[in-house]
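Peer 1: Before I ask anything, here is the structure I am working with.
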Amino acid sequence: MPDPIILNVGDLKQWAYCPRVVFYHRFAPTAGVPTAKMQLALQAQEQLEPLEARRTLKTYGLDTAQRIFSPWLSSDQLNLQGKPDLLLDAADRIAIVDFKLTAGDAAPNLQMQLAAYSLIAEHVYQKPAPVGFIYRIPDSAVLPVPITPELRQSVVDAAEAIRTMIASESLPAPTDLRKRCEDCEFANFCADIW
Ligand code: SF4
C-alpha cells in the first residue's frame, strides 16, 4: 500500500484560490517568486502577536481559554498538517484564529483554511471547534466563521481532489478569475492564460 499523501493546510487554501498554485508548489517548489504582499504578511504577523496577547478573550467568547500561538498540528486520520496563527484552548472547546492582512470579508479560501485547521485541532485536542475566527489586521475586527458541515465537507473534497492531482501529476485548470493572476508568484508559468 503506498504511503498516504500528507497535505499542508496551505495547500487547501491555495486550492480554493487557484488549483494550479498547488501544482506548482508541489512539482516546482523553488520556481515561485515571493510577492511583496507575501513578505508584508510575514512581517505583520510578527508584529501582531504581542498585541494579540493583550486582547481580551471576551472578543472570541472564550474568556478562560489558553492562547497558543503558532501551534504545530497534524492528524494521521486526516493526513493533514499545518500551523495556524493562534489556537484558543478552553475547557469544553477550542477555536482557531487566523490573521488576515487585507480588508474585506472572510473569502472562501480563508474559510477553507480555518475549517481545515479546526478539523485537525479537533483530532489533536479531542474537543469540538464549532467556530473559527479571522482577525482582520487593518481594522482589528474579529470575524466569526461557523465551521459548518458544508465547510467541513469542502475540506474533505478538496483534499481528495488535491491527492488525485498529485497522484496523476496533471496540471489543473487555471482560476477563472484572471485578476488573481496579476499578483501571482507563478504568473510566468501560466503562459496559456495570457
Ligand atoms: S497565474 Fe493565474 S492560473 Fe496561473 S497559478 Fe497564478 S493564479 Fe493560477
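The values are calculated or read from the model by the stated rules, or taken from the named source; none is laboratory data. Bear in mind the structure is a predicted one, so any value in this text is a computation, not a measurement. We place every Cβ from the backbone using ideal geometry, glycine too, and count neighbours over all the protein chains shown. Accessible surface areas use protein heavy atoms only, side chains included; no ligands, DNA or RNA. Shrake-Rupley method; radii C 1.70, N 1.55, O 1.52, S 1.80 Å.
Peer 1: Pairs 13/179; 100/127; 13/100: which exceed 19 Å Cα-Cα?
Peer 2: 100/127
Peer 1: Tell me the GluC sites (Glu not before Pro) within segment 146-185 that lie in a loop according to DSSP and have at most 16 other beta-carbon atoms within 10 Å.
Peer 2: 169, 185
Peer 1: For residue 6, project a label point 7 Å along Cα to C-beta. Then give me every residue of segment 63-81 with its amide nitrogen under 14 Å of that point.
Peer 2: Correct set: 72-81.
Peer 1: In addition: How much length is gained on full extension from residue 27 to residue 107, taking 0.36 nm per residue of separation minus their Cα-Cα distance?
Peer 2: Contour length minus the Cα-Cα distance gives 26.2 nm.
Peer 1: Here's another thing I want to ask about it. When a/c is below 1.5 the answer is rounded, else prolate if a/b is larger than b/c, else oblate, so apply that to segment 134-181 with a ≥ b ≥ c taken from the square roots of the Cα gyration tensor eigenvalues.
Peer 2: Here segment 134-181 falls in the oblate category.
Peer 1: Follow-up question, since we're still on this one. With the dipole of segment 7-193 worked out from charges on the C-beta (+1 for Lys and Arg, -1 for Asp and Glu) around the Cα centre, which of 78, 56, 121 lies farthest toward the positive end?
Peer 2: Result: 56.
Peer 1: Could the peptides 116-122, 2-8 be put in order, highest first, of the mean number of other beta-carbon atoms found within 10 Å of their residues?
Peer 2: In descending order of packing, they fall as 116-122, 2-8.
Peer 1: What number comes out for accessible area per residue over the chain if the probe is 1.4 Å? Units Å², please.
Peer 2: Accessible surface, normalised per residue, equals 54 Å².
Peer 1: Distance in nm between label sites at residue 79 and residue 56, each 7 Å beyond Cα in the beta-carbon direction?
Peer 2: 4.6 nm
Peer 1: Report Rg (one decimal) and Dmax (nearest whole number) for segment 7-193, counting Cα atoms only, units Å.
Peer 2: Rg, Dmax (Cα atoms, Å): 16.8, 53.
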